[in-house]
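Single-structure report; data block below.
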Amino acid sequence: MVEQWNSGMVEKWNGVRLYFWIDGQREDRALSDVMAENWKKLKSVALEEVEATLAALPAPLRERAVALPVTFERRPNAAQCSDGIEPDTLGLFVGPDFADEGNALSPLPPQIILFLENIWEQAEANEEWYREEVHTTFLHEMGHYLGLDEDGLIERGLE
């Protein structure tokens, strides 16, 4: 069976080995190696995009945004899903928002979590679209930190 898979064509899936073509060369690698390379690439591209997005923010907002931790996860974990987070969620803001940060009783500091494999799938494995979706998702979650609800984010084109 041949199917599109990331940057190459999968020729055969045999247990945990992949046989696929990249740049005209047949490759035979363990699935875990391929997955690790893809994860490393997703994180690297997402980090570049988050840093570029932060650099483009107005100075007063950038100062606050730079201090806000951003975590990259593959997908929501079982605990998050049991708390009602959908498995295909692209990003999540957790913790107190900016206005409540000093008065919050939450034991967790505010942070943004980006679910990179979900974003990659949403972008249909297209790197340009992936970058755009990381940018939009990061700004969307930053909006929650600033106290905007879903309607306020949609009004700003950050759905």
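The values are calculated or read from the model by the stated rules, or taken from the named source; none is laboratory data. Quantities reported herein were computed from a predicted structural model and do not represent experimental measurements. Counting neighbours? That spans all protein chains shown, and the Cβs are built from the backbone with ideal geometry, glycine included.
For Gly147, the conditions (1) in a helix (DSSP H, G or I); (2) modelled with pLDDT of 75 or more all hold with the exception of (1). If the Cβ limit is 7 Å and pairs must be 6+ apart or interchain, which residue in segment 77-99 that is on the phi < 0 side of the Ramachandran plot pairs with which residue that is among the hydroxyl-bearing types (Ser, Thr, Tyr) and assigned to a loop (DSSP other than H, G, I, E, B)? Partner pairs satisfying both residue conditions: Pro96/Ser106.
Restricted to segment 98-122, and to residues there that are part of a loop (DSSP other than H, G, I, E, B) and closer than 23 Å to Ala46 by Cβ, the residue that is modelled with the highest pLDDT is Pro110. The set of residues from segment 43-57 being part of a helix (DSSP H, G or I), more than 12 Å from Glu128 (Cα to Cα) and not hydroxyl-bearing (Ser, Thr, Tyr) comprises Lys43, Leu47, Glu48, Val50, Glu51, Ala52, Leu54, Ala55, Ala56.
Restricted to segment 123-138, and to residues there that are touching a Ser or Thr at 6+ places or on another chain (Cβ under 9 Å) and among the hydrophobic types (A, V, I, L, M, F, W, C), the residue that is modelled with the lowest pLDDT is Ala125.
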